[in-house]
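Worksheet: one structure, shown below.
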Ligand code: PMP
């Protein structure tokens, strides 16, 4: 069951007009929100990022935070699984095709649920492989835009090369993955590229840095050079659906000794312990 423009209905019955600007222009924004044991994870943070994306594209938010919470919780309740991945999308609505914003259009709102299947233990033990690629996307990667062609082509290039994700480099520095944030570890220090227009401000990225801070793990938020990526002892990717996952092969070569390193393991463990912890709603407190 999904929610579309005021109605709860089966996915198969849901219809959007061809002139929806999401379909025509990719003119819209989205969120992916994990649900663990029927509890929506970090909802305030996801809704704040949704608001930031809407502000960035000049779209007024059709719902208050309370309305969003209610709609999302109703979709969660209408679906049977305890762990779900909520996909939420708002487009600029239906209008005659013209690039400029329509004077009167009602945003199209979609909320649907998919099964949330975090990475298997086997995958977490082996880690995944990634390839470096030039980040050739636009310069507003901080907006969670539904126009994902750049990310689609990069991810496909990674898959075609037999890898699971790409590690994107722009002007000699690490940005992120096609659908994830990337962290490096060198000499026991967790390195995170700073938030900017060049990366999506990941909710899981924030969780990882909060966990690092709370557990006094050495970490630095600063530009990470290509040389530091290539010579990293550990690499990891983070996202709402993949949580924290080691990258153990980069461009066909082992990262470190080719197995998940100590800092990555520690962060996977901390993430596991805390993802069911309600305290996460408002950020990790130092213990
Ligand atoms: N960067 C990009 C490009 C993404 O698409 C995503 C989410 N899939 C992320 C980073 C990670 O963000 P989050 O932790 O909020 O899922």
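Any read-out appearing in this document is the output of simple, stated calculations on the displayed coordinates, not a laboratory observation. In this text the structure is predicted, and so the values were computed from the model without any measurement. Please note: Cβ atoms are built from the backbone with ideal geometry, for glycine as well, and neighbour counts cover all protein chains shown.
Quick one: what Rg and Dmax do you get for region 131-287 from the alpha carbons, in Å?
Rg and Dmax of region 131-287, Cα atoms, are 14.9, 44 Å.
Using the beta-carbon distance between residue 276 and residue 222 and R0 = 22 Å, what value does 1/(1 + (r/R0)^6) give for FRET efficiency, to the nearest 0.05?
In this case the efficiency is close to 0.10.
So how tilted is helix 203-214 from the main axis of the chain? Cα-based, degrees 0 to 90, rounded to 10.
Taking the Cα atoms of the chain, the angle to 203-214 is about 40 degrees.
On a full-extension model of 0.36 nm per residue, what is the gain between residue 5 and residue 55, subtracting their alpha-carbon distance, rounded to one decimal in nm?
16.0 nm
Between residue 16 and residue 117, what is the spin-label point distance in nm, taking each point 7 Å from the Cα along the Cα→C-beta axis?
2.5 nm
Give the calculated FRET efficiency between residue 78 and residue 126 to the nearest 0.05, with a Förster radius of 41 Å applied to their Cβ-Cβ distance.
Taking R0 as 41 Å, the efficiency between residue 78 and residue 126 is 0.70.
Only bridges whose two residues both fall in region 84-194 count here: according to DSSP, what percent of them are antiparallel, nearest 5?
70 percent
Between residue 139 and residue 157, 0.36 nm times their residue separation minus their Cα-Cα distance comes to what?
Here the segment from residue 139 to residue 157 would lengthen by 4.5 nm.
Ranked by Cβ crowding within 10 angstrom, fewest neighbours first, how are 196, 120, 129 ordered?
The order, fewest Cβ neighbours first, is 120, 196, 129.
Can you give the helix-only mean residue ellipticity at 222 nm for the chain, where every DSSP H stretch with n ≥ 4 adds -39500 (n - 2.57) and the sum goes over all residues, rounded to the nearest 500 deg cm²/dmol?
-8500 deg cm²/dmol
Of the candidates 236, 112, 164, which one comes out as most mobile in a Gaussian network treatment of the chain with C-alpha springs shorter than 10 Å?
164
Using only alpha carbon pairs under 8 Å that are at least six residues apart, calculate the relative contact order of region 121-276 and give it in whole percent.
RCO, region 121-276: 27 percent.
At what distance in angstrom do the alpha carbon centres of region 1-66 and region 101-119 lie from each other?
Result: 3 Å between the Cα centres.
Between helix 149-160 and the chain, what is the angle of the helix's C-alpha long axis to the longest principal axis, kept within 0 to 90° and rounded to the nearest 10?
Its long axis makes an angle of about 40 degrees.
Normalising by the residue count of the chain, find the relative contact order in percent from Cα pairs under 8 Å and 6+ residues apart.
Relative contact order, the chain: 19 percent.
Given labels modelled 7 Å from the Cα in the Cβ direction, how far is it in nm from residue 196 to residue 87?
If labels sit at residue 196 and residue 87, their model points lie 3.1 nm apart.
Report, for the chain, the % of DSSP beta bridges that are antiparallel, rounded to 5.
Here the share of antiparallel DSSP bridges comes out near 80 percent.
What nm value, rounded to one decimal, do you get for the distance between residue 266 and residue 214 when each label is placed 7 Å out toward the C-beta?
1.5 nm
For region 2-115, go through all pairs of different Cα atoms, get the mean of 1/r, take its inverse, and jot down that Kirkwood value in Å.
14.6 Å
Got the relative contact order for region 2-115 handy, in percent, Cα pairs under 8 Å and 6 or more residues apart?
So the answer I get is 38 percent.
Let me know the Kirkwood hydrodynamic radius for region 67-107, please, with Cα pairs as the basis and the value in Å to one decimal.
Evaluated over region 67-107, this radius sits at 12.8 Å.
Taking every pair of alpha-carbon atoms in the chain, what share in percent sits in each 10 Å bin, from 0 to the bin with the longest distance?
6, 27, 34, 23, 9, 1
Ranked by Cβ crowding within 10 angstrom, fewest neighbours first, how are 3, 87 ordered?
Placing the least packed residue first, the sequence is 87, 3.
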